[in-house]
Amino acid sequence: MFKEENEAYRARLNESLSKVNDLSVAKKRLTYSRWKVSENLDKLLFEFETNVKKNDAQVNWCPDVKSGLEQLNKQLKNFNRVEFFQHNSVKHFVNALDIKIPETSKDPEALVIGAKFIMANTGNFFVALESEEQYEKILKARKVVVIAGIDSVISQQTELYTARQMYSIFETGNLHYPVEFMARPGRVRGMNLEISILLVDINKSRLLDLPYHRPLFSLLNFDLPPVCPMEQFNYSESDWKYQDTLTIFLSAFMNGVKSNSDKINGNYGLRILNDFIPYDLDMYDQVMESRALLHSDDKKTGLLSFLDQDKSAIAMNPKKFKDAEKFKKYSEHNFFGRF
């Protein structure tokens, strides 16, 4: 499954990138706009809430697991048929709260969906959907709960065009998402539908405390496609508990670098991701700097110096091992670590 998904994605990506005039400029533009967000997040979150209130709605703040669970129960307590869309922010929210997901329904009364972006200067949110069927469910629902991570903020709605196109290209390989829409919290005119928004932190802001790694904050709301070779052994996109290589790495910053050192020390495969993210970042450099942060208090032995060398070119070639299971054990032990 991984191989087929990977090949199809790369074919779509190459086709889409051939239509982009200057990719490096687009990446730099998006990186700069998201850098502004990470440097001014408190101000932008306040501006977003102010604009939401202009529509007689409110922002429900969920800084931690307890508040998130309370808000979710409050929003859904009057509904029996509830469906969760498998969006990035929803998956993070569900896994942090450790709740059981109800089965999908043909006609759900309430939906829990994820915002890809929220615009500070308008109070609007942008959602990318997988199909028209999902959009039809939204139109027929009585309640829609939008989960928006603090990492989804963009300062100006005029920046949405670049953000959504770059995300679509690198997440799906296509120039645009299958279905997308923009709305704002509150009662929807002409429909029996109320939209509530839950603004979620749950440790994401910890990345902002590390200046060198602050650019990684933007990647928290990015869905990595199936491109990391190690994922071929456990790839299961439909599994709510499944985490891709990028998510595993970033979770170390959100949940404590020292206590999650194995997710940094054992990760040599991130250089390959530079070609599959919409930002002007050097992921390999980020890995090496995070390892330096871990070992800043240690005396670096000859062994650690050896481990710091880049051996990803060796690990990236599973064809050297005919036995896939043997290669998995070898690469986990020598290159990636066990997650």
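For the chain, what is the calculated [θ] at 222 nm in deg cm²/dmol (nearest 500), taking -39500 (n - 2.57) for each run of four or more DSSP H residues and dividing by its residue count?
-11500 deg cm²/dmol
If I take R0 = 25 Å and measure r between the Cβ atoms of Asn78 and Asn55 in this structure, what FRET efficiency does the formula 1/(1 + (r/R0)^6) give, to the nearest 0.05?
E(calc), rounded to 0.05, equals 0.70.
Between 0 and 90 degrees, rounded to the nearest ten: what's the tilt of helix 65-76 against the longest Cα principal axis of the chain?
40 degrees
In debye, nearest 20, what is the charge dipole magnitude of the chain about its Cα centre with +1 on Lys and Arg Cβ and -1 on Asp and Glu Cβ, if you could check?
The dipole magnitude comes to about 200 debye.
Pull up all non-local amide H partners of Asn234: gap of 5 or more, or a different chain, and H-to-H distance under 5 Å with H placed in the peptide plane.
none
Count the DSSP beta bridges whose two residues both fall in segment 2-204, then state the antiparallel fraction as a percent rounded to the nearest 5.
30 percent
Report the rotationally averaged projected area of segment 2-204 based on its alpha-carbon convex hull, in square nanometres. Write out the running numbers ahead of the final one.
Details: hull surface 49.0 nm².
Average of the hull's projected areas for segment 2-204 equals 12.2 nm².
If you plug each phi of segment 126-132 into the Karplus form 6.51 cos²θ - 1.76 cosθ + 1.60 with θ = phi - 60°, what whole-Hz ³J(HN,Hα) values come out, in order, with x for Gly and Pro?
These are the phi-based 3J(HN,Hα) values: 10, 10, 10, 10, 7, 7, 5 Hz.
Give me the distance in nm between label points sitting 7 Å out from Cα along the Cα-to-Cβ direction at Glu7 and Tyr242, one decimal.
Reported label-point gap for Glu7 and Tyr242 is 1.8 nm.
State to the nearest 20 debye the size of the charge dipole of segment 2-204 about its Cα centre, where the only charges are +1 on K and R beta carbons and -1 on D and E beta carbons.
Roughly 380 debye for segment 2-204.
From Cα pairs below 8 angstrom and at least 6 apart in sequence, can you work out the relative contact order of segment 2-204, rounded to a whole percent?
So the answer I get is 29 percent.
Which residues' amide hydrogens lie under 5 Å from the amide hydrogen of Arg81, considering only partners 5 or more residues apart or on another chain, with H built in the peptide plane?
Glu109, Ala110
I'd like the Karplus ³J(HN,Hα) series for segment 104-112: coefficients 6.51, -1.76, 1.60, θ = phi - 60°, whole numbers in Hz, and an x wherever there's a Gly or Pro.
Listing the rounded values in order: 5, 10, 6, 9, x, 6, 9, 10, 10 Hz.
To the nearest 20 debye, what is the magnitude of the charge dipole of segment 78-197 about its Cα centre, counting +1 on the Cβ of each Lys and Arg and -1 on the Cβ of each Asp and Glu?
Details: 13 positive and 14 negative charges, 80 e Å.
It works out to roughly 380 debye.
Normalising by the residue count of the chain, find the relative contact order in percent from Cα pairs under 8 Å and 6+ residues apart.
About 19 percent, as a whole number.
Which residues' amide hydrogens lie under 5 Å from the amide hydrogen of Asn121, considering only partners 5 or more residues apart or on another chain, with H built in the peptide plane?
Gln157
Between Asp262 and Asn234, how many nm apart are label points set 7 Å from Cα along the C-beta direction?
1.0 nm
Can you tell me the FRET efficiency between Asp282 and Glu39 if r is taken as the Cβ-Cβ distance and R0 is 22 Å, rounded to the nearest 0.05?
0.65
As a test of understanding, state the convex hull volume per residue of the chain from its alpha carbons, in Å³.
144 Å³
Using 0.36 nm per residue of separation minus the Cα-Cα distance, give me the extension gain between Val20 and Ile101 in nm, one decimal.
25.2 nm is the gain from fully extending Val20 to Ile101.
Could you pull out the pairs from Lys77/Lys143; Lys77/Lys116; Lys36/Lys116; Lys3/Lys106; Lys91/Lys143; Lys204/Lys241 whose alpha carbons sit more than 23 Å apart here?
Distance filter (> 23 Å) returns Lys77/Lys116; Lys3/Lys106.
If I fit a long axis through the Cα atoms of helix 2-17 and take the longest principal axis of the Cα atoms of the chain, what angle between them do I get, 0 to 90°, rounded to 10?
Taking the Cα atoms of the chain, the angle to 2-17 is about 70 degrees.
Just so you know, all these numbers are worked out from the coordinates, no wet-lab data involved. Predicted model, so just to flag it, every value in this text is computed and none were measured. For neighbour counting, all protein chains shown are included, and Cβ atoms are generated from backbone atoms with ideal geometry for every residue, glycine included.
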